[in-house]
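Okay, structure first, notes after.
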Amino acid sequence: MNQSENNYAQDPLQLISENLTSSSNRYSRQIRYANIGATGQKELGQARIAIVGIGALGSVIAQHLVRAGIGYVRIIDRDIVEWSNLQRQMLYTEADALALLPKAEAAAAHLRAINSSISIDPIAADLTSQNAEKLLSDVHLILDGSDNFSVRYLINDYSIKHNVPWIYGGAVGSSGMTMTILPMESPCYRCMFPEPPPPGTTDTCDTAGVISPIIDMIASIQATEALKLLTSNHQALHRTLLQIDLWNHTWLPLNVSGARRNDCPACAHNHYLFLESNRQEPIAVTLCGRQSVHITPGIYAKLDLNSIAANFTKIGNVEQNPYLIKLHLNDQLSLILFADGRAIVQGTEDSTKARSIYAELLGN
């Protein structure tokens with residue numbers, strides 16, 4: 001009996017388990033796809049990506065790329081799992097919402113259960129000009145799963161400054177769009193959209209709602225573009241601003257090959273307005289479809305949640321887990337506080353009111 005036969009006789013279940021979890025078995029169908037093959041699979045295993053926003057788009061992107069065998073996946077998200085997310089954010093369960101889990105942590109647990117062989121790095125934080133250089137560093141590709149314009153302009157600045165490609169995506173109602181941005185090769189986000197739109201001038205999931213199939217469609221295209229980039233198949237990139245409306249059966253790829261602007265502040269003049277912002281004041285952002293406002297402090301701090309929770313019990317009912325505390329102020333209003341000083345004020349869309357509540361409870 002040779003050594004392998006002897007090992008099998010001694011521990012057949014272990015050898016079966018090793019066979020089932022081996023890379024060649026796990027990714028066999030993907031390796032058989034000629035445009036990826038064994039070489040491409042090795043490239044995927046060595047790739048490092050960041051997904052900014054692990055809500056609707058990010059959930060789909062992350063599942064595709066984790067299952068595909070991307071070696072390192074950093075997920076950055078500022079939010080917690082809530083009931084309104086479950087309609088379209090495919091990673092999460094009712095248990096996640098009941099536990100008030102940060103999306104980054106809940107997503108990481110589910111993604112590790114999908115593929116335990118890769119590295120998942122969850123970061124529960126708001127991506128800002130203060131931390132973008134750190135949180136987006138050391139990756140080969142950035143994928144946009146966010147739901148706000150300021151984050152996209154920030155990613156675009158970082159992308160151009162550090163020559164890191166990124167893949168934009170957005171969806172609302174039954175329509176969405178996506179574009180792959182290659183620094184100094186394709187137009188950048190500011191070439192296409194020079195300035196953020198004024199508040200209230202664009203549809204959001206608050207005003208127009210959203211159906212989950214368009215989320216899957218846009219995010220799946222983003223994930224496919226990522227596979228092309230990370231397996232050296234750049235010639236296969238769609239190189240358009242791709243717009244899709246599932247309800248009205250339209251698919252519109254806009255050719256952007258000549259859309260780079262000589263006067264673009266970011267990619268033509270290397271002026272990184274959003275990345276180099278030196279703000280100190282807290283920022284309040286209304287969260288899509290939630291009647292909630294997210295507060296990001298001007299300066300981050302490490303809070304003692306246990307001590308704060310003890311003080312908050314004098315004000316109202318308090319819930320707590322390792323990541324946050326939730327203070328119920330009344331039947332309508334509550335405040336969720338994270339250890340880095342960020343907060344979500346629930347029960348209002350008035351950013352001034354939310355900032356006032358934050359200041360009253362925590363100071364400026």
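The values are calculated or read from the model by the stated rules, or taken from the named source; none is laboratory data. This one's a predicted model, so the numbers in the text were calculated from it and none came from an experiment. Positions of Cβ are backbone-derived with ideal geometry, glycine not excepted, and every protein chain shown enters the neighbour counts.
Evaluate the following for VAL139: is it without any contact (Cβ under 8 Å) to a residue 60 or more places away in the chain and more than 13 Å from the chain's Cα centre (by Cα)? Break it down into steps so the answer makes sense when it comes.
Working: without any contact (Cβ under 8 Å) to a residue 60 or more places away in the chain: no; more than 13 Å from the chain's Cα centre (by Cα): yes.
For VAL139, the condition - without any contact (Cβ under 8 Å) to a residue 60 or more places away in the chain and more than 13 Å from the chain's Cα centre (by Cα) - is not met.
ASP147 is checked against (1) part of a loop (DSSP other than H, G, I, E, B); (2) in contact (Cβ under 8 Å) with a residue 40 or more places away in the chain; (3) farther than 20 Å from LEU57 by Cβ and fails just one. What number does that condition carry?
It is condition (3) that ASP147 fails.
Is it the case, given these coordinates, that MET179 is aliphatic (A, V, I, L, M) and under 27 Å from GLN63 (Cα atoms)? Before you say what the answer is, go through the steps one by one.
On the way: aliphatic (A, V, I, L, M): yes; under 27 Å from GLN63 (Cα atoms): yes.
So MET179 passes the test.
Would you confirm, using the coordinates I've provided, whether THR250 is touching a helix residue (DSSP H, G or I) at 6+ places or on another chain (Cβ under 8 Å) and not acidic (Asp, Glu)?
Here the answer is no, as THR250 does not meet what is asked.
With ALA107, ALA97 as the choices, which residue is under 19 Å from LEU287 (Cβ atoms), at pLDDT 95 or above and more than 17 Å from the chain's Cα centre (by Cα)?
ALA97
Take the residues in segment 143-157 that are of a type outside the set (A, V, I, L, M, F, W, C) and under 17 Å from ALA219 (Cβ atoms); name whichever of them is surrounded by the fewest Cβ atoms within 10 Å (Cβ to Cβ).
Taking the candidates together, the pick is ASN148.
Give the number of residues within segment 215-254 that are among the polar types (S, T, N, Q), part of a strand (DSSP E or B) and within 23 Å of ASN35 (Cβ to Cβ).
Number of matching residues: 1.
Confirm whether GLU225 is closer than 16 Å to ILE181 by Cα and charged (D, E, K, R).
Taking the combined requirement at face value, the residue satisfies it.
Out of GLU276, GLU319, I need the residue that is of a type in the set (Asp, Glu), in contact (Cβ under 8 Å) with a residue 60 or more places away in the chain and not in a loop (DSSP other than H, G, I, E, B). Which one?
GLU319
Within segment 263-272, identify whether any single residue is within 30 Å of ALA343 (Cα to Cα) and part of a loop (DSSP other than H, G, I, E, B), and answer yes or no.
Yes, some residue in segment 263-272 is within 30 Å of ALA343 (Cα to Cα) and part of a loop (DSSP other than H, G, I, E, B).
Select, from ASN255, ASN248, the only residue that is in contact with a strand residue (DSSP E or B) (Cβ under 9 Å, 6 or more places away or on another chain), closer than 16 Å to THR180 by Cβ and either of a type in the set (S, T, N, Q) or surrounded by fewer than 12 Cβ atoms within 10 Å (Cβ to Cβ) (or both).
Criteria check complete, one pass: ASN255.
Give the residue that is nearest to the chain's Cα centre (by Cα), with candidates limited to residues of segment 45-91 that are charged (D, E, K, R) and closer than 22 Å to VAL151 by Cα.
ASP77
Conditions (1) touching a Cys at 6+ places or on another chain (Cβ under 7 Å); (2) at pLDDT below 95; (3) buried (at least 21 other Cβ atoms within 10 Å of the Cβ); (4) in the same structural domain as ASP203 (by TED's automatic domain parsing), marked per residue:
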residue: ARG112; (1), (2), (3), (4): no, no, no, yes
residue: SER129; (1), (2), (3), (4): no, yes, no, yes
residue: LYS134; (1), (2), (3), (4): no, no, no, yes
residue: LEU141; (1), (2), (3), (4): no, no, yes, yes
residue: ILE160; (1), (2), (3), (4): yes, no, yes, yes
residue: GLY169; (1), (2), (3), (4): no, no, yes, yes
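Report every pair of residues separated by at least 6 positions or lying on different chains whose Cβ atoms are under 6 Å apart, first residue within segment 60-81 and in contact (Cβ under 8 Å) with a residue 40 or more places away in the chain, second among the aromatic types (Phe, Trp, Tyr).
Sorted first by the residue in segment 60-81, then by its partner, the pairs are GLY69/TYR27.
Can you tell me which residue is farthest from ALA259 (Cα to Cα) among those in segment 143-158 that are within 15 Å of the chain's Cα centre (by Cα) and at pLDDT 95 or above?
Initially, segment 143-158 is screened for residues within 15 Å of the chain's Cα centre (by Cα), giving 143-156.
Filter once more, keeping what is at pLDDT 95 or above: 143-145, 152-156.
On the way: LEU143: 21, ASP144: 21, GLY145: 24, ARG152: 18, TYR153: 17, LEU154: 20, ILE155: 19, ASN156: 16 Å.
Here the residue is GLY145.
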